[in-house]
1. Using a Förster distance of 41 angstrom, determine the FRET efficiency expected from the C-beta separation of A:Leu285 and A:Glu88, and round it to 0.05.
2. Out of all Cα-Cα pairs in the protein assembly as shown, roughly what percent, to the nearest whole number, are more than 47 Å apart?
3. Go through A:Ser355, A:Ile220, A:Leu231 and say which Cα lies farthest out towards the positive end of the charge dipole of the protein assembly as shown; charges sit on Cβ, +1 for Lys and Arg, -1 for Asp and Glu.
4. Return the single residue from A:Lys243, A:Lys213, A:Lys201 with maximal mean-square fluctuation; model: Gaussian network over chain A, springs between Cα atoms under 10 Å.
5. Kindly work out what percent of the DSSP beta bridges joining two residues of the protein assembly as shown are antiparallel, to the nearest 5.
6. What number, rounded to the nearest 500 deg cm²/dmol, is the helix-based mean residue ellipticity at 222 nm of chain B, given -39500 (n - 2.57) per DSSP H run of at least four residues and division by all its residues?
7. What are the residues whose amide H is under 5 Å from the amide H of A:Ala77, where those residues sit 5 or more places off or on another chain and H is modelled from the backbone?
8. Calculate the dipole size of chain A relative to its Cα centre from +1 charges on Lys and Arg beta carbons and -1 charges on Asp and Glu beta carbons; express the result in debye to the nearest 20.
Amino acid sequence: MSGTFRKALLGTAFLCALNAGSAWADTIKVGVIAPFSGPFATVGQTFKQAIEVYQAQHGKTVAGNTVEFVYKDLDQANPAQSKALAQELVVKEKVGYLAGFFFTPDALAVAPLIDEANIPCVIFNAATSAITEKSPRYVRTSFTLWQNTVPLAEHVAKQGIRKVATAVSDYGPGIDGETAFKQTFEKSGGKVVDSIRMPLKSTDFAPFMQRIKDSGAEAIYAFLPAGPTTLGFARAFSDTGLKAAGIRFFGPGDITQEPDLPVLGDAAVGITTTFNYSQAHDSDLNRQFLAKHKELFGSSDIVTFTSVGAYDGAHVIYRMVEATGGKSDGAKAVAAVKGMAWESPRGPVRIDPESRHVTQTIYLRVTERKDGRLQNTEVAGFPDQPDYGFKAGK
Amino acid sequence: METLFGIVVDGVAYGMILFIISVGLSVTLGLMRVVNLAHGAFAMVAGYVASYAAQGLGLPYAVGLVAAILFTVLATLPLEKLLYRRIYGSANELAQVLLTIGLTFVIVAGINYLFGPTLKRIPLPDALLGTVAIGPKSIPVHRAFVIALGAATVLGLWWLLERTDFGIKLRAAVDDPNMAAALGIRTERLYTATFALGTGLAALGGVLGAELLPLEPYYAIRYIVLFLAVVAVGGAGNILGSAAAALALGIVDTAGKYLIPSFGEFFFYAALILILFRWPHGFFQGRAA
């Protein structure tokens, strides 16, 4: 008993001695809400691993404050649960920042909460344009469908393609993508000959393929959320002979995200996408990022767009902590990162002061087999793309 | 006309895949009177085994298919002895539902732990790649293969249940287990064999259907509604009914998606409601119903 007591005393003394060097040091908690179990568990995994890579590279302290990430599992899109978890993080865990969010509805649900508590919320993924319109405390480091689609539609028009059919999953981001493509492409003189909205739960894509064939389109624009549906769609595209018939396949990069490529196999070869990040991005920073990832977790195969969203999100949070000196002040923290520019593993990026969304280079990529492995090879870049879908003052 | 033909061909192909996966459920539900919600999980396990056999061990497709069926049947037989035997005969449907859905969750978690949450695929042999033309419409060779196997399954099962000694004894055991036992039929053995048949069909469907219903740990929960819909429309335990139901639902769903895609799954469920309204026990009144 006395031995334990002595140890405890010693321990306390030791801790005091450690803390003496940084008398004002504090632990700042960041609550991350994301799917860590369930069908989308890989997303949470990529978030967490990217944050750990960032902390391994840049340390865990900023301006004398230790930054600690607290993870909360939200296994599927569930706005009520998202709000409850955020509340728990703010009230019980006393987090100074919220981050994460894979699905748009989950991100939107916390808007009243972050306004009331004056806490910044850094979105790592949720990609509907309308989100940052709902609260001045949202900052987003991922992408939007508008941002990816506008340069793609212009590129398709420049290829001399005149007739395109769009096929999107029937929900928020899909409709964003369809609208963005149609508006941009028809402005450039093309014509959208058929707009197909596919149910999110579709498993058989053969009827849609037949429709695309019958529409006489020279190319398709397709968006489906990454996962089982993209696999079915890409395979149906090649299996039903559309690929062989010379119809071109364009879409945002979710459809060929890196972890799915081995499963898609040769069906993915030749798909042209636009996206903000490819594992094959040619830069030293990206190579360092991947190398560190491999060192920490044994493999970098699952690194994808959600990884880089979280990595840059952590960077933004570090700058916010620096700017507020460790105190929790959402408005000041967000003001400090407006216009902030830095070099990310995906290339040069900047937080647009008005939309608080990341302005970045969108790359044109072609999926191809290189050294026996499928990859998204970047063939061109469209620099400084803003979120075209942001409507100020809404 | 060509469009109509295309819709029918695509619909039949989709329906046959639904049939192959669902018919096993129809067998366990109709003949064994067990609401086996773990049916999808058994199909998924077989798919993972085939995927591992092909990609991890480099075995040919046919060997992987057979291995997957054998493995799944052998792995689930102890479950039949330990668990299912206690819930035969629909004495307590709630217990059946709770046990089998619980089993599904265990299998989902196990697969997720062992293989991770990412998609898995079963590589097809060269002979099943490419397309084959049926009149003016071309469909993937793999689908034609599945249609042929589906047709063979219909005939084989019909023959097994209607024309063999096994079928006669099984029907007797289902209709009146006590009398059948008194006549010297070893009902327990029959039940084990029938359970193995149902599981084997699930496994066959899981492997063959993997191109359409991609393998991931939530497969077991994601698609069970589809399988139950086919069994409900076809009539439990009725082989020809299941085939007719799967084809009807497949064609309706395909036509709906082709003609008015934004209506989504409306046509599938509308057809389900209308058919059940007219034929509450399924197309052909099930023998066990």
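1. So, using R0 = 41 Å, E works out to roughly 0.70.
2. That fraction is 25 percent.
3. Final value for the positive-end residue is A:Leu231.
4. A:Lys201
5. For the protein assembly as shown, the DSSP antiparallel bridge percentage is about 45.
6. -23500 deg cm²/dmol
7. Under 5 Å from the amide H of A:Ala77: no residue qualifies.
8. The calculation lands at about 280 debye.
The values are calculated or read from the model by the stated rules, or taken from the named source; none is laboratory data. Since the model is a prediction, treat every value here as computed from it, not as a measurement. Positions of Cβ are backbone-derived with ideal geometry, glycine not excepted, and every protein chain shown enters the neighbour counts. Just so you know, the surface numbers come from the protein's heavy atoms only, side chains and all, with ligands and any DNA or RNA stripped out. Shrake-Rupley method; radii C 1.70, N 1.55, O 1.52, S 1.80 Å.
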